[in-house]
Structures are given as C-alpha cells and as structure tokens.
Amino acid sequence: MRRHGILLLALLLFAAAGLRDAFDGWVDRTRLPPVLSATSTELRDRDGALLRAYQVGDGLWRLVPRAGAVDPRLLSMLLIWEDRRFFRHRGVDPLALLRAAGQAAWNRRVVSGGSTLTMQVARLIEDGPTGRWSAKLRQIRVALALERRLSKAQILALYLTHAPYGGNLEGVRAAALAWFGKEPARLTPAEAALLVALPQAPESRRPDRNPAAARAARNRVLARMQARGILGAETVAAARREPVPTRMRAFPRLAAHLADRLRADRPGADRIETTIDAGVQAALERLAREAARGAGPRVSAAILVTDHRTGEIIASVGSAGYEARDGRQGFVDMTRAIRSPGSTLKPLIYGMAFDRGLVHPETLVRDGPVTFGRYAPRNFDGRFRGDVRVRDALQLSLNVPAVMLTDELGPARLMAGLRAAGLAPRLPSGVPGLAVALGGVGLSLRDLVQLYAALAEGGQGPILRETPDTPARRGGRIMSAVAAWQLGDILSELSPPPGAPAGRVAYKTGTSYGNRDAWAIGWDGRHVVGVWMGRADGTPVPGAFGGEMAAPVLFEAFGRLKPDFDPLPPPPRAVPFAGNAELPPPLRRFRPRDAAFSRPDDAVRLSFPPDGARLADTGGVVPVKLRGGTAPYTVLENGRPVATGQRQREFEIPSPGTGFTTLVVIDADGRTDRATIRVD
C-alpha cells in the first residue's frame, strides 16, 4: 500500500512538472507586440528643458519619461492605488484576481478589475479590449511574458509612457505638460493624485470637460493615500481645495524653425539636444513679436545670439511668429534667408585696410565725389563731409571712403575674407564688384553673426553651432587681433539708442537698398547679438533704417539676455595709439595707389552735364554745374569760348544745337575737366 502511495505521488509530481513545463512553454511562445511604439521627437535646450515636441504619426502626444525625472510621490501613489504587490508578483497577482472575482460574485457586477500594472501594460501595448475573459486571458499571458523579458523598471516605464490621460495625451510627461504646464519631476499631492486617477477613465474624467468627475476621482485617490499613511490629514485637506485644471495647455514650441531643420537633418531621432537656452529663447521670441508689431504691418523680425568664445547659439528666433496669420509670413526662417547686408560689411573692409597699412583709425580720408568707371557711389544722405578721420568715416557709415578702400583692397580679397570666416556669400553675377562694399552680396543673419563673432574674438572666431555634439571649429583668420580691437574701439563709441548704456557694446547698423532690410549687429565681451527686421517677401518698408528700427531691438535683446554687459577686452600690447600728426607721413592721409596720376580732390569738375549725357534741346540753353576748382571759370564749346569770367558754380550757356558737342571747363589755376554730350 505504501508502495502504491509513493508511486502515485511520483506520478503527481511528474504530471505537475509536465504541466509546469507546458505552462512555461506556453508563456515563452507568446508573441509580444512591439513594446517600443513611436514616441514624440523632442528638442531640448542646453539644460534638458523641452523646447519643442512633435506628435507621433497617429496624432498623439507620447513623450518618454526621463530617468529619475518623475516625482517619487507620484510613483508611490500609483503603486498603492493600482498594484501594491507590483515588485513581488510575476505579472499576475492571484490575490487581486480572487478579490476581484469575489467582489463581482457578491455584488453581481464588476467592482474592481484585479489587473496588475503589468497586465495594464499588456493591454496598452496591444490596444485590446478589457471586458471579455478571452481578452483577460490574453493579457495574463502577455503580462507573464513581459515579466520574463523585461525588468520591473522597464515595465513601469512602459506604463508611464503609454497610459492614457485624455484626448490625444499618452504618458505621464505629456499629461503633466498639458494639464499643469510642467515636467512631472515635482508635483503637488493634488496633481500627483489626478495623474494617478485619470488613466482609469481618461475621457469621462477629463478635467477640461468633466471637472467634477476629475475632482471626485482625485479626491478618492487622496483619501486612500491618507488611509495608507502616505499623506497627512492636513496635506490631504489642502490638496482637496486645490482646483483641477480647466484647459489643456499647448506644448512648448520654442525655436520652432531650428527644430524643424534639425529634425529634418536627423530623421528618426527621438531626442535632439541643442545649445539653446530656453529662458532666453522665450524672452527674445516675445521681443521679436513686440518689435514687429510696433514696426508696422507685414514686418517680421529675426534675432540670433551666440557665445563668441564657443560658437554655441544661445537663441535663434526665425520670425516674429511661427504661425502668424497677419501677413508676416512667420513660417520663413529669416536667420537663414539670403538678404543684402547693407553697410554691415564696412567693419571688415576697414579691419583689412588696417592690417595692410592702408589706413589707421586717425588717418584722414576724403569723402567727396568720386567715380570708378560708370560707378559713382554716394552717401546715404546724399551729402559729402570732405576730409574726415577713418574713425569718423566708419562711425558715420560713409559710403565713399568704404568703396575707395574696397577698390584699393580689391573686391575679391573682401570676398576671400568672408569665406575665410566660414560664410557662404552669394553674388548676383558671380563676379565681385565694388558694390559688395555697400551690400551688393547675399548673406544671412547667421552669416553676419558669425562674421562679427570673428571680430569679437580678435579676428578669428568660431563656426556657429546649435547642437553640443557638433565638433567645435574655428574659421580662418580674417584680420589681426590689433585690427579687430581697433574696430571694437571705434564701434563701441557709437551713440546708443535713447536710454541704452553707452560704451558697452560695439555695434554696427545697416540698411539695404530700397529700405528692404534693417540690420543691427553687436558684441560685448561674451556674446554677439544680431537683429534683422523687414518683410519676409523682400518688399520695401518705407522709413525702415537699421539705426532707428533694429538698433533699439539689439540693445533690448542684450538686456533680456543677461542682467549686465560683459566688458569689452583691453587693447593688445601692439596697438599703435597715435594722433594724426604722430602717424608716419603715408598714414596721415589716405591716397589711392593711382593718386599720382589722378586729378587732385579739389580740381574743377563738370558735374552737369556729365560725360556721355544725352539732352533734349529745351529753351535754347544748357545748364552747367561745376564742383571744385578756383573761380573765375571759362567754358569752351568745341574749342570756342561760350562763357568767361564765371564766378558762380551753376549757370547757363547757349545750346550748341543738335548733335555731339565737347564742353571743356577751365578754372583760374588752369585745371580742366571735359564732357562730350549729345543734344537732340
């Protein structure tokens, strides 16, 4: 008899082992659905703050919780509410299932589900039903398989990523951002309790649609936390008084243009780190909106800030509003748009001229009428100042001295300097001419900020970068440290806009032809800030000037960037400090290389009619206008005197009749000028 009992026990053990093996095989053969569903691509700032997130393909906000960035109190409340034995069971909690079955039998309805967090994850990743026993059995099988293949931390992370929180929100991060406007790292007891309660009935408890149901569910969670000793009575009472949110907040959308570009450059990346400072970015986006509204209809604005020591971009504002519907075309990223830089290249011209010994800041240069073939540059206001110091010529942004120096340097050398700094200039005709000095070349705001970073860094600056994993590089040297410091010294003496501090920022403004672009770019001891204002479609903005429109925004941007300016650097030891009288004779006055063969600056000139002019014979006279020279003047028509003893610079002579005529003017010193004209 005893022998039969031993045999029976052995058979039972053998059968149990077989059943166990069969059960294990059944679990191991479970085909799991993909547990890594698509999650929102995130753009984060230099400190990890969210700048922008993108919805996944099905329109959901599904953000991955960062490790250690979920409030521990939320996790404790979640486990007590949903699955107290989460860390002890293997996917299924038999006690919870028995309890749920008993409550259903006693009450003749489902009172509690008995599902573990692992079973809920199984349902979430399968997106299956919950009510039928076949579905519950499938969840049990998937839950057991999940526990064998994933750690408890991984399963909990899946729940925190996929749990529904109403509308198109999935996961605790999306919920915290949408309902509370913050990351779930630090939550109030009331906020944590609401996030615990919402996944059980995410639509019927949506706070923006059913605030009473949301409040009641939250308070039930709070009551259980008090009963379990997790929260004190006073804390729970205060949490009950806290209102539930009544609207779903918009997700952050900072640096939107930059985010679009980086996401396109890195397809499939779920997290993109940047060098952007979220606080500065938000402040400057507000500034761009304010400035554009104040500047008039359809005007946009762009602002770029970089640390010129490292090349890291701190803020990148592409327009006055990414989704603006007011005609400002906010979708255009104006930090990258190619525009005419106006006068903003003049510092490069003067710095290169300093290096080549052509001029010194105290050198005198003639600001007067000049022609280069058919090109006759004029100053912005149409006036000439005569002899001025180079320092004054740059501060006044005079065109004629800048073009004369460009002619001496050669436009190709100026273009080579731009490329050495890491810029990509674009020429309308492909061949650089003297007009490059005054903006006849295509550059972007990013290009100009990079150029000015080189000036701020002593003539050799960093290549700008907006991601920390981009290798740090420096452009080529475009000028010496001495020349760069001299430029900073000159530009820091410019009068700032009203109310702005003087001498703290070296800056230059510019206005492109036709008032299409207003620029202001400047630097202090740490940062370069660039501002562009205009219309994205390139149409003129009447009355738009860099000094009046963009310069105040530049100084305001510095104010929102930091509480005070970083001091500009001291002069290098090799800086030659001298007045004009102390300079070597060749540097006291700028003379072009062909000056020995050209007429003196004060020589008589026939300004009207100009050489090659074609005139209509009206009234039988031809007006004559002269510049320079010494009165009295004589005018010859085809060698015959037609006016003598003239002491005025504007007078009339008889019309020579139709056809070609050569006019010659002679002053009291015997200097002459001539023009061949045609009268119809």
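No value in this document is a laboratory result; all are computed from the given coordinates. Fair warning: this is a prediction, and the values are worked out from it, not measured in the lab. Backbone-built Cβ (ideal geometry, glycine too); neighbour counts: all protein chains shown.
Just to confirm the number: angle between the C-alpha axis of helix 278-295 and the first principal axis of the chain, 0 to 90 degrees, nearest 10?
Approximately 50 degrees, to the nearest 10.
Just want to confirm a number: the relative contact order over the chain, from Cα pairs under 8 angstrom separated by 6+ residues, in percent.
For the chain, the relative contact order is 10 percent.
Would you grab the residues whose amide H sits under 5 Å from the one on residue 517? Only those 5+ places off in sequence or on another chain, please, with H modelled 1.01 Å from N.
512
Take the alpha carbon atoms of region 140-203, find their center, do the same for region 473-508, and report the distance between the two centers in whole angstrom.
Here the two parts' Cα centres lie 53 Å apart.
Relative to the longest principal axis of the chain, what angle (0 to 90°, nearest 10) does the C-alpha long axis of helix 411-420 take?
Tilt relative to the chain: about 20 degrees.
With +1 on each Lys and Arg Cβ and -1 on each Asp and Glu Cβ, and nothing else charged, work out how big the dipole of region 378-446 is about its Cα centre, in Debye to the nearest 20. Kindly include the intermediate steps, with their values, before the conclusion.
Details: 9 positive and 5 negative charges, 43 e Å.
Value, rounded to 20: 200 debye.
How far is helix 94-107 tilted, in degrees, relative to the longest principal axis of the Cα atoms in the chain, given as a value from 0 to 90 rounded to the nearest 10?
Tilt of helix 94-107: around 70 degrees.
Which one, 590, 282, 296, is farthest towards the positive end of the dipole of region 253-597 when Lys and Arg carry +1 and Asp and Glu -1 on their Cβ?
Going by the Cα projections, it comes out as 590.
In a shell of Cβ-Cβ distance under 14 Å around residue 583, excluding residue 583 itself, what net charge do Lys and Arg (+1) and Asp and Glu (-1) give?
Every neighbour counted, the sum reads +3.
Take 602, 45, 669, 447 and order them by how many other Cβ atoms sit within 10 Å, fewest up front. Spell out each step's value before the answer.
On the way: 602 16, 45 22, 669 12, 447 26.
Exposure proxy ranking, most exposed first: 669, 602, 45, 447.
Identify the residues of region 66-85 with backbone N under 20 Å of a label point that sits 7 angstrom from the Cα of residue 227 along the Cα-to-Cβ direction, or state none.
Once the point is set 7 Å along Cα→Cβ of residue 227, 74-85 turn out to lie under 20 Å by backbone N, inside region 66-85.
Just to be sure I understand: if I project the alpha-carbon convex hull of region 495-651 onto a plane and average over all orientations, what area do I get in nm²?
17.5 nm²
How do 566, 277 line up, fewest other C-beta atoms within 10 Å first?
566, 277
Rounded to the nearest 20 Debye, what is the dipole magnitude of the chain about its Cα centre when Lys and Arg each give +1 and Asp and Glu each give -1 at the C-beta?
3540 debye
What ranking of 39, 630 emerges when the number of other C-beta atoms within 10 Å of each C-beta is taken as an exposure proxy, fewest first?
Going from least to most buried by this count: 630, 39.
Over all alpha-carbon pairs of the chain, lay out the pair-distance distribution in 10 Å bins, whole %, shortest bin first.
Taking all Cα pairs of the chain, the binned fractions are 3, 12, 17, 15, 13, 11, 9, 7, 5, 4, 3, 1, 0, 0, 0, 0 percent.
Per the Cauchy relation, a quarter of the hull surface: what is the mean projected area of the convex hull of the alpha carbons in region 253-597, in nm²? All intermediate terms of the calculation are to be shown ahead of the outcome.
Details: hull surface 71.0 nm².
The directionally averaged projection comes out at 17.7 nm².
Packing-wise, with mean Cβ within 10 Å as the measure, how do 146-154, 306-314, 573-581, 620-628 rank, highest first?
Put in order of decreasing packing, that is 306-314, 620-628, 146-154, 573-581.
So for the chain, if I pair up every lysine 8 or more residues apart or on another chain, how many of those pairs have alpha-carbons under 26 Å apart?
Details: 136/152; 182/562; 346/508; 508/562.
Total qualifying Lys-Lys pairs in the chain comes to 4.
Which residue, 663, 358, 397, has the largest displacement toward the positive end of the dipole of the chain when charges sit on each Cβ (Lys, Arg +1; Asp, Glu -1)?
So the residue furthest toward the plus end is 397.
Determine the dipole magnitude for region 464-605: charges of +1 sit on the beta-carbon of Lys and Arg, -1 on that of Asp and Glu, nothing else is charged, the reference point is the Cα centre, and the result goes in debye to the nearest 20.
Working: 18 positive and 15 negative charges, 100 e Å.
Result for region 464-605 is approximately 480 debye, rounded to the nearest 20.
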